[in-house]
1. Taking the residues in segment 374-399 that are in a loop (DSSP other than H, G, I, E, B) and surrounded by fewer than 20 Cβ atoms within 10 Å (Cβ to Cβ) as candidates, determine which candidate is nearest to the chain's Cα centre (by Cα).
2. Against the condition open to solvent by 10 Å² or more (accessible area, probe 1.4 Å) and touching a Gly at 6+ places or on another chain (Cβ under 7 Å), how does SER404 come out, does it pass?
3. Does SER199 satisfy the condition of being open to solvent by 10 Å² or more (accessible area, probe 1.4 Å) and either free of Cβ contacts under 8 Å to residues at least 24 places away in the same chain or over 19 Å from ASP272 (Cβ atoms) (or both)?
4. For segment 65-95, name all the residues that are under 21 Å from ASN363 (Cα atoms) and basic (Lys, Arg).
5. Can you tell me which residues in segment 524-536 are open to solvent by less than 100 Å² (accessible area, probe 1.4 Å) and either in contact (Cβ under 8 Å) with a residue 24 or more places away in the chain or not aliphatic (A, V, I, L, M) (or both)?
6. What are the residues in segment 222-263 that are in contact with a strand residue (DSSP E or B) (Cβ under 6 Å, 6 or more places away or on another chain), under 18 Å from LEU206 (Cα atoms) and open to solvent by 40 Å² or more (accessible area, probe 1.4 Å), if any?
7. Restricting to segment 151-178, give me the number of residues that are among the polar types (S, T, N, Q), under 17 Å from GLN219 (Cα atoms) and open to solvent by 20 Å² or more (accessible area, probe 1.4 Å).
8. Based on what the data block shows, is VAL337 buried (at least 21 other Cβ atoms within 10 Å of the Cβ), modelled with pLDDT of 95 or more and not small (Gly, Ala, Ser)?
Amino acid sequence: MGQETDRKKVSLRTESKPVEEAGAMIQYDDDEEEEDDVHRDHDAQANVINTAITSASAASEPQKIPIKNHVTIIERPKPISALSIDQKSQKIAIGDHAFSMRLFDLREMDMHLRPYRELDNWLGSYKINDVQWNNNAELILVIPDSKQPKLFTAEGQDKGIFAAGDMYLVEKARTKGHTAAVKCGQWHPWKHTVCMTGSLDGTVRLWNSAGRFRSGCDQVIKVRSGRKNFDPIYSCAFTTRVGDLIACGTGSGSVVLYPSNGPYTKSSGCCDTVAKNAASRFGTREHSIISLQFSQDGHTLAARSLDHKLLIFDIRQFNAPVQTFHDLPCNYEETDVIFSPNDQFIVSGTSGSVEDSTESNGNLVLVDKNSMQIVHNAPLDDAHGGLIRMCWPQNVNQLFVTTSAGELIGYYDEDMGSTKGILKPLSKGYKKKALKGHSHTEVILNPLQMESEMSQKLREKRKEDRQFAPKAERRSGPGFGGQLGTSQIGSTLKKLGVGISQEELRENPRDAILKYAKEAEENPRYVTQAYKDTQPKAILDYESAYREHDEQLKKDQMRAREAEARARFNTPPTKKRRFNDEGSSER
């Protein structure tokens, strides 16, 4: 796909997509084996069963997926690797591999589906690994592929960058920030100023957006898996509602649990998903746990790994995965796994096969949480390339998906209760453009009506501008605004015994001064009284006056010569004429 285009595709389907009756490869763990043999080689020893999707229970109850209709919101030149929707399902934030971020407001958009904020190269030449809205939709946590995450406001204004750590310090707890690329981040479910980030330096750090996040983190968790003291972090997650647990996915295929309030010296549980006899490949990037998500009840944990697996854990028995699904292609580190709004399904996407630098379409995979079986595994309409990020908000019942082809697609089904969300801009139509060459001759402005029709967004912006406007400096002393009032001037003149009448104000100032010349000469009060005995006759120094006049005349003449020289220097020289042998002139 080339450059970003403003063309938006809106396609509506009249029939719902049937569930394919295809078999899925599901691999079960033997719960009766001894604890020492839990981490065996699943590919060689597990019992692989082909489960038919069209069982009696599945056929009698159709799958409730809102994918009947869809709309392509935006197309980007590179894969969209980050997606987040606020709790009210009104604002969308996306990030891609082209170092850019886009913000959408579903309340203000029309059918053009244009973002209200575009941020290009604000984060440097780093792809964006993740973006997250906090629970009150005021801040956005942006995770570029660098060691310093950033915070943005809901309007897209830069709020600050997180502190960076010292990469030369061995003890990571003594550094104030991450020392390697940050791969994941998430906000606390109910503390809207607390967030955490996970990095390749093997630490998970807790930050406070209202505190000193620019100067250092609040807490450091040095994640230690079962086999290694140092393990890079690729994913992290809070429990969905309470936030009492932190799950960390490592590069060696381990999932480690910590209490969110500490202590962080010892983990609450650790589960290795890589078999013991695969030690030769242990620690490589192919086993990384790239996505983690808790269920609504907090008992089930779903994980996605780069070795094409979907793993399901039970927190109450955290010694091995309850179920493992193989052969689900995953080519991107940002591939997501989520739970449905009713907490019944586990949803993830797959990557397509790459042939001749072209990737085929991926599938949408749904796993029933109770039966632990794949109930849907089919591609989505108009979803080109592999499926990466997805979000299924509960209050609008719509599914938003990003693809490796750079598409953000919104799926909905009005028959299943899809309301608002992406349907709001689609119901507005296109804004009418003003006719060229047409102008109104009369303009009637009603300030009261204009103020009442002003959007809430504009009023909030004006309030913010007034709040952060620089305050005027307060000055001490009489008067206001640097000027003395008339009463102060009048009282001062009254103390000096000087009174000014209206007739005197209308009098010529020169005549008013000369009126007292004769009186001052006969009855001097100030300067002349001092020289009455020693110098009864005033002697004026006329030479100083002549000298000052001559100096001023010289300065004026010098300025005139300088101006004449500048004018002559700026005038282009005239070309000299040359005469040929015949006597005619030529230039």
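1. Out of the qualifying residues, it is PRO393.
2. Considered against the rule, which asks whether it is open to solvent by 10 Å² or more (accessible area, probe 1.4 Å) and touching a Gly at 6+ places or on another chain (Cβ under 7 Å), SER404 comes out as yes.
3. Taking the combined requirement at face value, the residue does not satisfy it.
4. Of everything in segment 65-95, those that are under 21 Å from ASN363 (Cα atoms) and basic (Lys, Arg) turn out to be LYS68, ARG76, LYS78.
5. Keep residues of segment 524-536 that are open to solvent by less than 100 Å² (accessible area, probe 1.4 Å), which gives 524, 528-530, 535.
Correct list: PRO524, THR528, GLN529, GLN535.
6. Scanning segment 222-263 gives LYS222, THR240.
7. Start the filter on segment 151-178 by keeping residues that are among the polar types (S, T, N, Q), which leaves 153, 157, 175.
Going one step further and asking which of them are under 17 Å from GLN219 (Cα atoms), we end up with 175.
Adding the requirement that they be open to solvent by 20 Å² or more (accessible area, probe 1.4 Å) leaves none.
Here the count works out to 0.
8. Spelling it out, VAL337 is indeed buried (at least 21 other Cβ atoms within 10 Å of the Cβ), modelled with pLDDT of 95 or more and not small (Gly, Ala, Ser).
The values are calculated or read from the model by the stated rules, or taken from the named source; none is laboratory data. Computed from a predicted model, the values in this text were never measured in an experiment. As a convention, Cβ positions derive from the backbone with ideal geometry for all residues, glycine included, and neighbour counts pool all protein chains shown. Just the protein is used for accessible areas: all its heavy atoms, side chains included, with ligands, DNA and RNA removed. Shrake-Rupley method; radii C 1.70, N 1.55, O 1.52, S 1.80 Å.
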